[in-house]
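Colleague: Here you go, one structure.
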Amino acid sequence: KGRFSRSSSALALLSTVPVAPAVVSRTCTRSRLSPVQAGSRTCTRSRLSLEQADETPAYDTLSLSPVGGGGKAEQRRPSKQRRQTLQPAASPKRRKVGLNLVEPLGWRATYALIEELRADRSAVVDSMGTEAIAGASSKQERDFHALVSLMLSSQTKDTVNAATMKKLRAHGLSPRSLVDTPDSVLDGLIYACGFHNNKVRFLKETSRLLIEQYDSRVPDTMEALLALPGVGPKMALILLRVAFGKVEGISVDTHVHRICNQLGWVGDEPTKTPEQTRRAIESWMPREIWADVNLLLVGFGQELQTEKAKLLRKCLTCSDSASALRLVRTCGLKLESELKKANLEPPAGFQLDDS
């Protein structure tokens, strides 16, 4: 009798403990959690987000049916809808950039100062970039040469790109000539470019598509350009502007990506990719300057990296030298050491603090 009473008490106690559904129990067995932990749906292996956990229904402790349901016992194999609920949550590292950022405080003054520093248009991109080297006899040829130059520009310096384009023009640069050129010959012509093996394939596939679908002409829509092998958003946006006068976005390369992050133009958190940066700055930057942003910041970035002395001289002779020096310091230039190398002196009272 005593044993029977103790057993009855134990059963009564166990009936008050919530029982997790079979699917959750099976999922959490691998992580060696207790039934109570499994019932709380905190299984590490399943990685449920908070929103997904909140959507998981509460279960009746005896029938294993959802509370408020029809009372029918749940099958051991979860339904398709149930399995979709248990999908892993997205990694917190993959941040979606908001599209409603407010204008950064003082950005107009900073942008105007960069415009002043770039007024001489003396950076490498100004003389050897796609816009400068895409000359040809007809518009159809110019458009194709601009496309090829952009495809070669990835991971390639402007000086190397310009020299390679000169070789290709001497060889013959049209969709048909590239298709007819043996791979080994074309590879030899563009060997100095980064990822030249892939670019040989991309150039040939793109040329073939242009011949077959566009009568050897370059298409004039973002969708069609992105469908070409080896063409990304940065290239397509520049080509639309250079070849067709269409401004559909801001082209962001590594220079623009880096500078916009350094200046705090991308929001409270830094962006991880140029495409994230593009979406961030397009959300607040006035559309009337979109066409100028790429060339302006690319040239500024090139001077920051390879023509420091020239840039510092321009800073010291511009309308606000102190602000210009603070600007280039924000963008990573070590003022004290670089001014010393160039035998230049900062304005009186300017604090050289590179820490």
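Colleague: Give me the pairs: first residue in segment 322-335 and touching a residue at least 60 places away in the same chain (Cβ under 8 Å), second residue open to solvent by 30 Å² or more (accessible area, probe 1.4 Å), beta-carbon distance under 7 Å, and six or more apart or on different chains, which are they?
Modeller: From residues that are touching a residue at least 60 places away in the same chain (Cβ under 8 Å), the pairs are LEU327/THR110; THR330/GLN262; THR330/LEU263; CYS331/GLN262; GLY332/GLN262.
Colleague: Now for a different question. Against the condition open to solvent by less than 20 Å² (accessible area, probe 1.4 Å) and not assigned by the TED database to the domain that holds THR181, how does LEU316 come out, does it pass?
Modeller: no
Colleague: ASP187: modelled with pLDDT of 95 or more and not assigned by the TED database to the domain that holds GLN305, yes or no?
Modeller: Criteria met by ASP187.
Colleague: Go through segment 255-276 residue by residue and tally those that are modelled with pLDDT under 95, touching a Gly at 6+ places or on another chain (Cβ under 8 Å) and open to solvent by 40 Å² or more (accessible area, probe 1.4 Å).
Modeller: So the count comes out to 0.
Colleague: So, in segment 172-205, of the ones that are free of Cβ contacts under 8 Å to residues at least 40 places away in the same chain and closer than 18 Å to GLN140 by Cα, which residue ends up surrounded by the fewest Cβ atoms within 10 Å (Cβ to Cβ)?
Modeller: GLY172
Colleague: Which members of segment 304-313 meet the condition of being touching a residue at least 60 places away in the same chain (Cβ under 8 Å) and surrounded by fewer than 20 Cβ atoms within 10 Å (Cβ to Cβ)?
Modeller: Selection gives THR306, GLU307, LYS310.
Colleague: Show me the helices (runs of 4 or more DSSP H) found entirely inside segment 267-355 where at least 2 residues are small (Gly, Ala, Ser).
Modeller: 290-306, 321-330
Colleague: Anything in segment 206-222 that is open to solvent by 60 Å² or more (accessible area, probe 1.4 Å), in a helix (DSSP H, G or I) and touching a helix residue (DSSP H, G or I) at 6+ places or on another chain (Cβ under 9 Å)? List them, or say none.
Modeller: Hits for segment 206-222 are ARG208, GLN213, TYR214.
Colleague: Further question on the same structure: For GLU131, are the conditions met, namely being at negative phi and touching a helix residue (DSSP H, G or I) at 6+ places or on another chain (Cβ under 7 Å)?
Modeller: yes
The values are calculated or read from the model by the stated rules, or taken from the named source; none is laboratory data. Quantities reported herein were computed from a predicted structural model and do not represent experimental measurements. So basically every Cβ, Gly included, is an ideal-geometry build from the backbone, and we count neighbours across all protein chains shown. Ligands, DNA and RNA are stripped out before the accessible areas are found, and what is left, the full protein with its side chains, is counted by its heavy atoms. Shrake-Rupley method; radii C 1.70, N 1.55, O 1.52, S 1.80 Å.
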